[in-house]
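Colleague: Quick one: the structure is below, questions incoming.
The values are calculated or read from the model by the stated rules, or taken from the named source; none is laboratory data. Quantities reported herein were computed from a predicted structural model and do not represent experimental measurements. Heads up, the Cβs are rebuilt from the backbone with ideal geometry, glycines too, and the neighbour counts pull from every protein chain shown.
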Amino acid sequence: MANGTLYLIPVTLGGDNINQVLPPDVVSLAQKLEHFVVENEKSARQFLSLIQHHKPIRELQFSTLNEHTDDKALPDLLKPLLAGHDVGLMSEAGCPAVADPGAKLVALAHQKGIHVTPLVGPSAILMALMASGLNGQSFAFLGYLPVDKVERAKRLKEIEKRAQTHNETQIFIETPYRNMQMLEAILSTCHANTRLCIACNVSLPDEMIVTKTINGWKQSVLPDLNKKPTVFLFLE
């Protein structure tokens, strides 16, 4: 029996804009799958309900893969694929396997000779870069920076120097409830002329993507980023 295909299914960053950010073919394929590996089962069920999955949600098969999943459990997540079933991999929001534990499953799928197919959908990271006006030819996505204040400031200085030396846009994210602390750290650490783009709620109705110098941000009323998915980008 041939292996199934692992489909990487993008999930909208909000629940009310599916038709604006997901191609019909992606929705159609997701509606037909019956096996899913998801970061958060509750949000996955909500998403599949919103796209009007062809089967009752209770009849679908869900396995969870998140930051707490032991690597030893990964082979079990591939069993439906090895049995010939197609499987959809979904992050809690956005594109799976990018700043997401799904990358481990994708890596193992390649090792087992399982075909992996990425589907088109919203990537806040790429969309933020597109709209930032910063260098889109040379850039680095750094994921999460240290939480500790001292280590975070040290890391910000390091990547600011890297941005200056290589003319390379630096992109990173933060847990939404710590966004304001991150913004304060950036403003207190980075040089006045460094350009900082704040991309908040990308693709949602209240989307905000604004680029200013650090000095410009300091002279502005700061946006409320608390508990809102935000991407930070800067170039010195």
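Colleague: With the condition being more than 24 Å from Thr230 (Cα to Cα) and in contact with a His (Cβ under 9 Å, 6 or more places away or on another chain), I'd like the strands (runs of 3 or more DSSP E) fully within region 1-67 carrying at least 3 qualifying residues.
Modeller: Details: elements: 5-9, 35-38, 61-64.
Filter on region 1-67 gives 61-64.
Colleague: Could you identify the single residue in His53, His68 that is surrounded by fewer than 16 Cβ atoms within 10 Å (Cβ to Cβ), free of Cβ contacts under 8 Å to residues at least 24 places away in the same chain and of a type outside the set (Val, Ile, Thr)? Before you say what the answer is, go through the steps one by one.
Modeller: Numbers: His53 fails: surrounded by fewer than 16 Cβ atoms within 10 Å (Cβ to Cβ).
Residue meeting the stated conditions: His68.
Colleague: Continuing with the same structure: Hey, Pro80 hits all of (1) assigned to a helix (DSSP H, G or I); (2) within 21 Å of the chain's Cα centre (by Cα); (3) surrounded by 15 or more Cβ atoms within 10 Å (Cβ to Cβ) but one; which does it fall short on?
Modeller: Failed condition: (2).
Colleague: I'm trying to understand the selection: among the residues of region 48-70, which are closer than 21 Å to Thr117 by Cα and touching a Gly at 6+ places or on another chain (Cβ under 8 Å)?
Modeller: Hit for region 48-70 is Leu65, nothing else.
Colleague: Tell me which residues, restricted to region 118-145, are of a type in the set (Ser, Thr, Tyr) and outside any helix (DSSP H, G or I).
Modeller: In the first step, residues of region 118-145 are kept if they are of a type in the set (Ser, Thr, Tyr); the result is 123, 132, 138, 144.
Answer for region 118-145, where residues must be of a type in the set (Ser, Thr, Tyr) and outside any helix (DSSP H, G or I): Ser123, Ser138, Tyr144.
Colleague: Consider Ser220 carefully, then state whether it is of a type in the set (Ser, Thr, Tyr), over 21 Å from the mean Cα position of the chain (by Cα) and either on the phi > 0 side of the Ramachandran plot or in a loop (DSSP other than H, G, I, E, B) (or both). Steps first, please.
Modeller: On the way: of a type in the set (Ser, Thr, Tyr): yes; over 21 Å from the mean Cα position of the chain (by Cα): yes; either on the phi > 0 side of the Ramachandran plot or in a loop (DSSP other than H, G, I, E, B) (or both): yes.
Yes: the conditions hold for Ser220.
Colleague: Could you figure out which of (1) assigned to a loop (DSSP other than H, G, I, E, B); (2) under 21 Å from the mean Cα position of the chain (by Cα); (3) at pLDDT 95 or above isn't true of Ala99?
Modeller: All conditions are met except number (3).
Colleague: Further, regarding this structure: From the set of residues in region 94-116 that are touching a residue at least 40 places away in the same chain (Cβ under 8 Å) and touching an Asp or Glu at 6+ places or on another chain (Cβ under 9 Å), which is nearest to Val231 (Cα to Cα)?
Modeller: In this case the residue turns out to be Gly94.
Colleague: What tally of residues in region 180-223 results from selecting those that are more than 23 Å from Ala163 (Cα to Cα) and touching a residue at least 12 places away in the same chain (Cβ under 8 Å)?
Modeller: Residues meeting the conditions: 8.
Colleague: Further question: Looking only at region 141-166, which residues are surrounded by 14 or more Cβ atoms within 10 Å (Cβ to Cβ), of a type in the set (Gly, Ala, Ser) and either within 29 Å of Gln20 (Cβ to Cβ) or not assigned by TED's automatic domain parsing to the domain that holds Leu204 (or both)?
Modeller: none
Colleague: Looking at Lys228 and the list (1) surrounded by fewer than 18 Cβ atoms within 10 Å (Cβ to Cβ); (2) more than 17 Å from the chain's Cα centre (by Cα); (3) not in a helix (DSSP H, G or I), which single condition is not satisfied?
Modeller: Just one mismatch for Lys228, condition (2).
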